[in-house]
Structure formats: structure tokens, C-alpha cells
Amino acid sequence: MIRRRPIVVNGGGFVVTDLSHNVVFVVDGCGILGSKEELMVKDGEGEPILFISKKGGIVQALSTRNKWNGYLIDYQYQGKDKLVFSLTDPKSCIAQGAPIRIHIEPKRHCKNWDFEISGSFADRDCTIVDCTRKIVAQMGRKEHIGGKDFYHVEVQSGYDQAFIIGVMAILDNIYGESTRC
């Protein structure tokens, strides 16, 4: 279950709980971090595990897609963050409707992309599939609970939940929701 936090109250972002309502992940956006286009995924104890940033620069400004990079925060990795995935999304009317694709580092067996997002995040109805079209995660609305502030994500066994929550954080930011200023 994902519950959005209001920007004015808690700095935005969202909280992820399990079926027993225990906090599993917390996602902080610019209301907490103080920087646009940067996100932080923390575990249930509040320890940072994934740092996400939108790539910038001249080449990115001229591109028809935005690129987001997710870095594993591993203090045993000599203080350096390790790139674990990149997500590209269409940013212009030319590329509108193009799929959102995710590339995993190090490269896996898939040629052009490892995961793809279909459906509508804005409607809380989307699916993440791998390059063989196997469903990895599905998002849906919680009908009996308040609108777009609550929704659920079901992650299939064998897939990294922090990675999926990182992807949800990026989608939340792309669609101008609780992680965005």
C-alpha cells in the first residue's frame, strides 16, 4: 500500500506499508531533499537505500526523452553510489505515447530494454513487465480509501521491491505528484 504525503505537511513523498501496515519504505522528494528532480528511497528504519536523479545537461535538453538514474547507496562500496538502473520517459509531443523503458545495470540478457511500463500511472492502473513480457509488478487503486492518495502495488516474488518503489517514485515525479515541487 502506498500513501502519498502532502507537501505542505510532511514535505511530500510517500510511505509504503505491507499488509500488516508496517512501514517498509519511505520516499522523499524535493520537499525534504530541497532539490528538484532528486528522490530518495529509504527502508522502514529510515536508512537511505536508493538515490534517484534526473539526468541534466545540454545533450539531455536536446533529447526527446528524459533520463532518470537510480543508484544503490552502499556504504560498503567505498562510499560511492552504484548505478543500478536507468529509466527513460518521453518528454515531448513527438515522443508522447512512447513506452517508458528501464535498463538495468549491469546489462542483462535483454537487447534494448529490461523492463517496460504500460498503462496509466495517473489513473493508478499500470503494469511493469520484463523483456519477455512477464508481469513484474501491477499498480491499482484502493477503491474504498481516499482517491489518488492511496494505491497498491503488487510485486511478484523474485523481484527487488526497492527497485519497483524507485520506479513508482519516478512516475510520481513525472506526473507532478507528491515527490515533485
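Values quoted throughout were computed directly from the atomic coordinates according to the rules given, and no laboratory measurement underlies them. Treat the numbers as computed from the prediction; the structure is a model and nothing was measured.
Amide H to amide H distances under 5 Å link Asp125 with Ser120, where only residues 5 or more positions off or on other chains count and H is placed in the peptide plane.
Taking amide H as placed 1.01 Å from N in the peptide plane, Leu50 has its amide H under 5 Å from the amide H of Val41, Ile73, each at least 5 places away in sequence or on another chain.
What aspartates and glutamates sit close enough to Lys111 to cross-link, taking a C-alpha to C-alpha distance under 20 Å and skipping anything fewer than 8 places away on the same chain? Reachable aspartates and glutamates: Asp89, Asp130.
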